[in-house]
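Colleague: Here's a structure for you.
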Amino acid sequence: MTRTAALQPEPAPIVACTISRDVQNFDLLIEDMETECGESWGDLTFQDANVFLRQAEADTLEFVAVAMDSEDEDKIETIAEIIKTASQRGIKVLLIAEDVSPIALHQLLKLGAEEFVPYPLPDGALHDAIERMREAAKRPPESDIPDQMRNKLKATGDKDGVVLPVHGLAGGVGATTFAVNLAWELANIDKDNPPRVCLLDLDLQFGSASTYLDLPRRDAVLELLQDTSSMDSESFMQALLTYNEKLHVLTAPNELLPLDFISQEDVQRLIATAASNFDYVVIDMPSTVVMWTETVLHSAHVYFAMLELDLRSAQNTLRMIRALKGDELPYQKLRYVLNRAPKFTDLSGKSRVKRLAESLDIQVEVQMPDGGRQVVQANDHGLPLAEMAAKNPLRKEIHKLATSVHELNQSVAAGG
């Protein structure tokens, strides 16, 4: 008997668990778990999960897949407790959701769920999510960030910064290039008394401010966005990176996130905290209009709207104005910036600009020339135009605009 028992192989340790009301409701998840984990996974109900996760048997778990649908939203507190318990034990949490409200998803992701996959599961989605979690675990620690990129600026909390969002009204109109270079010009506008300038990249999905400044994306940004309610000036400043010790940047997160991952309250806290610690806050906005676009618009001193001299920009500008007027939002804050504007000698082009403005009933107050290939090269090298092509016509116009903004702000401060 003893000899026979000794020949029996020990069961493989359980490396993953599904947690749900009834896993049979998620048959695709069962198939994918078997593919990924073989027989080394188990299943728990919501009621049993918290008990099991606190036991020694849970030490072998690499991750848990919490599966829920619309019927489980009344159990949100129980599910939240499961996620918090797993996170405290160092167990990664993968959230599988079907027909669950964005508010509930947002809440659970903020509590520590690392990945979200919609149900029914797309082909390979579970595998990809597991691989992302494993890659994140292997990612070098934040201490590997070069010292010169770390923010050494201390929080003051006594500022009342000027908020300058930049919103591209169509794809590829140069909004991020404009935002990055405007922020850099403002940071260098006064050599004797340089203002404190912060650049917020709120394009959570495809933000490229970090690319244009050759800065890494940090896990600290996602951690900050997940729980802004506990954010203070110190934690905000720690999430920033510094470019050449002058410009302070909150990069877009590592992962592609839904734009409603942050709420209006989250955005309000971010802007308020940034404005209380910096003289200028430049915000690179997503081209998509979301619920918190209204929050940014209300907070803005000037809201730069980027467009080009083409039909898509004209149509999108008209839609934007109608939407803002329909919701009685302060559309008067929009300042229209025409990128790749016609040259001074192009009379036909200038006539088209005039007709565009008249047809939309707007004023095109700022016209930016086409910077040509130097702009693409500067962005690819992670350098502001002032550092790589100081005489570029686009750089000169952005410098003029930054000078105008700073002088106006100084005069208002002196007069106020």
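The values are calculated or read from the model by the stated rules, or taken from the named source; none is laboratory data. Everything numeric here is computed off the predicted structure, so don't read it as measured data. So basically every Cβ, Gly included, is an ideal-geometry build from the backbone, and we count neighbours across all protein chains shown.
Results for (1) surrounded by 17 or more Cβ atoms within 10 Å (Cβ to Cβ); (2) assigned by TED's automatic domain parsing to the domain that holds ASP361; (3) in contact with a His (Cβ under 9 Å, 6 or more places away or on another chain); (4) in a helix (DSSP H, G or I), shown as yes or no for each residue.
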{"site": "MET306", "(1), (2), (3), (4)": "yes, yes, yes, no"}
{"site": "LEU309", "(1), (2), (3), (4)": "yes, yes, no, no"}
{"site": "LEU324", "(1), (2), (3), (4)": "yes, yes, no, yes"}
{"site": "SER348", "(1), (2), (3), (4)": "no, yes, no, yes"}
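Colleague: If you don't mind, another one. I'd like to verify a number: residues in region 115-124 that are touching a residue at least 40 places away in the same chain (Cβ under 8 Å) and farther than 17 Å from ARG21 by Cα, how many? Break it down into steps so the answer makes sense when it comes.
Modeller: Step one: list which residues in region 115-124 are touching a residue at least 40 places away in the same chain (Cβ under 8 Å), which gives 119-121.
Next, only the ones that are farther than 17 Å from ARG21 by Cα stay: 121.
The number of residues fulfilling the criteria is 1.
Colleague: Just one of the numbered conditions (1) outside any strand (DSSP E or B); (2) surrounded by 22 or more Cβ atoms within 10 Å (Cβ to Cβ) is not true of ASP192; which one?
Modeller: (2)
Colleague: Looking for something touching a residue at least 60 places away in the same chain (Cβ under 8 Å) and either surrounded by fewer than 15 Cβ atoms within 10 Å (Cβ to Cβ) or outside the structural domain of GLN226 (by TED's automatic domain parsing) (or both) - is there at least one such residue anywhere in region 82-92? First the steps, then the outcome.
Modeller: So in region 82-92, the residues touching a residue at least 60 places away in the same chain (Cβ under 8 Å) come out as 82.
Pick out the ones that are also either surrounded by fewer than 15 Cβ atoms within 10 Å (Cβ to Cβ) or outside the structural domain of GLN226 (by TED's automatic domain parsing) (or both) and you get 82.
Yes, that holds for at least one residue.
Colleague: In region 361-371, is there at least one residue being farther than 23 Å from THR177 by Cβ and in contact with a helix residue (DSSP H, G or I) (Cβ under 9 Å, 6 or more places away or on another chain)?
Modeller: At the first step, the residues of region 361-371 found to be farther than 23 Å from THR177 by Cβ are 361.
Cutting the leftovers down to in contact with a helix residue (DSSP H, G or I) (Cβ under 9 Å, 6 or more places away or on another chain) gives us 361.
Yes; the residues of region 361-371 include at least one that is farther than 23 Å from THR177 by Cβ and in contact with a helix residue (DSSP H, G or I) (Cβ under 9 Å, 6 or more places away or on another chain).
Colleague: Could you say which residue among VAL173, VAL163 is under 22 Å from the mean Cα position of the chain (by Cα), closer than 16 Å to ASN339 by Cα, crowded, with 18+ Cβ neighbours inside 10 Å and of a type in the set (Val, Ile, Thr)?
Modeller: On the way: VAL163 fails: closer than 16 Å to ASN339 by Cα.
The match here is VAL173.
Colleague: Okay, next question. For ALA125, state whether it is touching a Leu at 6+ places or on another chain (Cβ under 6 Å), at pLDDT below 90, not assigned by TED's automatic domain parsing to the domain that holds VAL221 and not aromatic (Phe, Trp, Tyr).
Modeller: Values: touching a Leu at 6+ places or on another chain (Cβ under 6 Å): no; at pLDDT below 90: yes; not assigned by TED's automatic domain parsing to the domain that holds VAL221: yes; not aromatic (Phe, Trp, Tyr): yes.
No, not satisfied.
Colleague: Quick one: in region 255-271, of everything that is in contact (Cβ under 8 Å) with a residue 60 or more places away in the chain and surrounded by fewer than 16 Cβ atoms within 10 Å (Cβ to Cβ), which residue is nearest to ARG217 (Cα to Cα)?
Modeller: Step by step, filter region 255-271, then rank; the result is PRO258.
Colleague: From the list ALA183, ALA175, ALA179, which residue is under 17 Å from ASN151 (Cβ atoms) and among the aliphatic types (A, V, I, L, M)? So that I can check it myself, show each step before the final result.
Modeller: Numbers: ALA175 fails: under 17 Å from ASN151 (Cβ atoms); ALA179 fails: under 17 Å from ASN151 (Cβ atoms).
None of the others qualify; the one that does is ALA183.
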